[in-house]
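The values are calculated or read from the model by the stated rules, or taken from the named source; none is laboratory data. Since the structure is predicted, the reported quantities are computational estimates derived from the model, not experimental observations. Counting neighbours? That spans all protein chains shown, and the Cβs are built from the backbone with ideal geometry, glycine included. Side chains included, ligands, DNA and RNA excluded: accessible areas come from the protein's heavy atoms. Shrake-Rupley method; radii C 1.70, N 1.55, O 1.52, S 1.80 Å.
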Amino acid sequence: MTGVQKMTRIGIVLGSTRPSRNGEQIARWVLETASQRDDAEFELIDLRDHPLPHLDEPVPPMFGPSVHAHTRAWAERIAPFDGFVLVTPEYNGGMPGVLKNALDHAFAEWTNKAVGFVSYGVNGGARAVVQLRTVCSTLGMADVGYQVTISLLTDFENRTTFTPRDHHVAALGKTLDQLITWSTAMAPLRATAETVPAHS
């Protein structure tokens, strides 16, 4: 008898912790838009709720388990998800350090999962995503081709209120379509990894 298929779970990671961040509006728009779908479950993961010191593990996370409680708690937070949307600003041509640090604090919890990107900045945050694709690929993630790029100059009313346009909604839809398809297709890889003994 075949069991009930588990609903695909997607975590939306808000990758900025700045006091005046614009990313919160964008992340909540992603969540609200995505939650209208019936092919996956979505949840917001705010890095403000998971403060992590600069990577302080004595052993790389790929060789885990971690010795620090904060790292284990972070790994437990992201482990249940099948895929992720990373909402990222661009700082000086790259991703924010807090997001890179959060990625570096785990390994197995990212591996064999799909990832999509929603970026923002003066130029849409595209250069941050270029960096993130390299990092996520190294972590064993499958980065989807579609992405959403949002300009701080033209997509915010009075430069304070995010005003998504039709092309943003369409781009997010394509990103989520591909992300959910890939996350579902990669489930057998994750199941296999769970049966392989960890490093002793």
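Checking the stated criteria, Val30 turns out not to satisfy the condition of being part of a strand (DSSP E or B) and buried (at least 23 other Cβ atoms within 10 Å of the Cβ). Only residues that are aliphatic (A, V, I, L, M) and within 13 Å of the chain's Cα centre (by Cα) were counted across region 107-127, and they come to 3. Among residues of region 14-27 being out of contact with any Phe, Trp or Tyr (no Cβ under 6 Å at 6 or more places or on another chain) and open to solvent by 60 Å² or more (accessible area, probe 1.4 Å), the one that is nearest to Thr160 (Cα to Cα) is Ser20. Only residues that are polar (S, T, N, Q) and out of contact with any Lys or Arg (no Cβ under 7 Å at 6 or more places or on another chain): list them for region 9-53, please. Across region 9-53, the qualifying residues are Ser16, Ser20, Asn22, Gln25, Thr33, Ser35, Gln36. Quick one: in region 87-106, of everything that is among the polar types (S, T, N, Q) and surrounded by fewer than 21 Cβ atoms within 10 Å (Cβ to Cβ), which residue is nearest to Arg21 (Cα to Cα)? Looking at the filtered set, the residue picked out is Asn92.
Residues checked against (1) polar (S, T, N, Q); (2) closer than 15 Å to Ser16 by Cα; (3) surrounded by fewer than 23 Cβ atoms within 10 Å (Cβ to Cβ):
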position: Arg77; (1), (2), (3): no, no, yes
position: Val85; (1), (2), (3): no, yes, no
position: Ala108; (1), (2), (3): no, no, yes
position: Gly121; (1), (2), (3): no, yes, yes
position: Leu132; (1), (2), (3): no, yes, no
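Screening Ser151 with (1) over 18 Å from Thr111 (Cα atoms); (2) open to solvent by 40 Å² or more (accessible area, probe 1.4 Å) gives one miss only, at (2).
Take the conditions part of a helix (DSSP H, G or I), over 30 Å from Arg159 (Cβ atoms) and open to solvent by 60 Å² or more (accessible area, probe 1.4 Å) and apply them to Arg72. Does it pass?
yes
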